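The block underneath contains the structure these notes are about, expressed in structure tokens.
Laboratory data are not the source of any read-out in this text; all were calculated from the coordinates shown. In this text, all values refer to a predicted model and were calculated from it rather than measured experimentally. Heads up, the Cβs are rebuilt from the backbone with ideal geometry, glycines too, and the neighbour counts pull from every protein chain shown.
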Amino acid sequence: MTNLSANGFHLSGESLPSRAGIRFQPSSIYFMHIPKTAGCSLCTALRLVYRRRDVITLKSPQALQQVSLADLQRYRCYLCHFGAGLYELLKRPLLPCITVVRHPVERAISFIYFLQQQVKKSPEHFSPEYLSRWAPFHEADLRTLLSTDVVNEGTANGQIRALGNIRDFRPFLSDGVLGSHGLLLKGPIENETEKQAMPEMAVNAYHQLENMAVVGITERFAETLVLISDLLGMPLHSHLANVGPQKQHIEIYGYQIKTPPDLIEQVKALTVYDHELYAHACDLFDQQWSRYLAKPRRTYSIEPRLRRTFIEPLRRGWCRASQKWPGLQTNRTVQQAKIRFRRFL
């Protein structure tokens, strides 16, 4: 239920604004993050909107195990993998949900390279059996990787499975029957949905998209940010772009340009359902964009603008100062001031 102040301003809540209005805080939001779809860039934008204590990021088994179901309820901004199963645990039907979908070929190839790095860098996230299957391919090229079952199984229609996976993650929370005994969820998570046939998961994924407050498209990231800004009443940060930490510039269709045609065809064969989902997501995006151009919500949230004007510059200034004068990190007076400042973060 939305709270109102005496002067009629929206203070907080989960209902979406249907007309122009001023809120002190933006609406709560759940970002159902499909890996390798511009999630890092969007998470950066959303973290600038909410106070740190209001944001939770759940992208790893360890993160799941560190939060209880009761604690999970208190956040206002959720940046999460694990599909619809985790969202449904919240039992907050009015909580607006957003996602971003990427061209299937681009996303699949990016995910293959990402997975190749993850099994080496973070083996604790994966089961021993899965790691042993990957062991011969740690340095393999794309052509070799696409000839292996372990890669094909993990890549096939990954966006359908990410959105259509209705798995119960309750046991893996800190107060769950497994998490409370130190048992971690082991990947690959998406491969553990064998009881759900692909058509069933596709129906689930389509249903998720139809109910999203915003369906973003990686290849139209700038417009996606505009729609989310309009939804939350947050200021647009012109310096934000969909550029990952290993990239120097934006490459919308970079993998399709650089990859041999025969390998592209192999990836297309692995992502038939994802291509249909992507086409539907693009249709939904076009509808949302047309509605925005015709009649934007014109929601205005005060707190994110205060953060952008005052708090974020102070935070950046502190980071620069502590790098220049490392002694600030141990100065008692400075640390006490920093603790008081954190109350506003």
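Miscellaneous remarks
- Under the simplified labelling scheme, the L94-T148 pair shows an inter-label distance of 4.9 nm, with each label point 7 Å from Cα along Cα→Cβ.
- Rounded to whole numbers, the Karplus 3J(HN,Hα) couplings from phi for region 26-39 are x, 4, 5, 8, 10, 9, 7, 7, 7, x, 6, 10, 5, x Hz, using 6.51 cos²θ - 1.76 cosθ + 1.60 with θ = phi - 60°, and x at Gly and Pro.
- Value of Rg to Rh for region 3-303 (Rh from inverse mean 1/r over Cα pairs, i.e. Kirkwood): 0.97
- For V100, the residues whose amide H sits under 5 Å from its own are I34, G216, ignoring neighbours fewer than 5 places away on the same chain, with H placed 1.01 Å from N.
- Estimated distance in nm for a label pair at C319 and L48, the labels positioned 7 Å out from Cα along Cα-to-Cβ: 1.1
- The phi torsions of region 84-96, fed into the Karplus equation with coefficients 6.51, -1.76 and 1.60 and a -60° offset, translate into couplings of 6, x, 6, 4, 5, 4, 5, 6, 10, x, 8, 5, x Hz, rounded to whole numbers, with Gly and Pro shown as x.
- Taking the average, over residues, of other Cβ atoms within 10 Å as the packing measure, peptides 253-262, 283-292, 147-156, 25-34 rank 25-34, 147-156, 283-292, 253-262 from highest down.
- Potential extension, H207-F114 segment - 0.36 nm per residue separation minus Cα distance: 30.7 nm
- Packing-based ranking, highest mean first, of 159-165, 133-139 given that Cβ atoms within 10 Å are counted: 159-165, 133-139
- Distant-in-sequence amide contacts of C80, defined by a placed amide H-H separation under 5 Å and a gap of 5 or more residues or a different chain, comprise F31, H33, L58.
- Label-point separation in nm, D141 to T309, each point 7 Å along Cα→Cβ: 5.6
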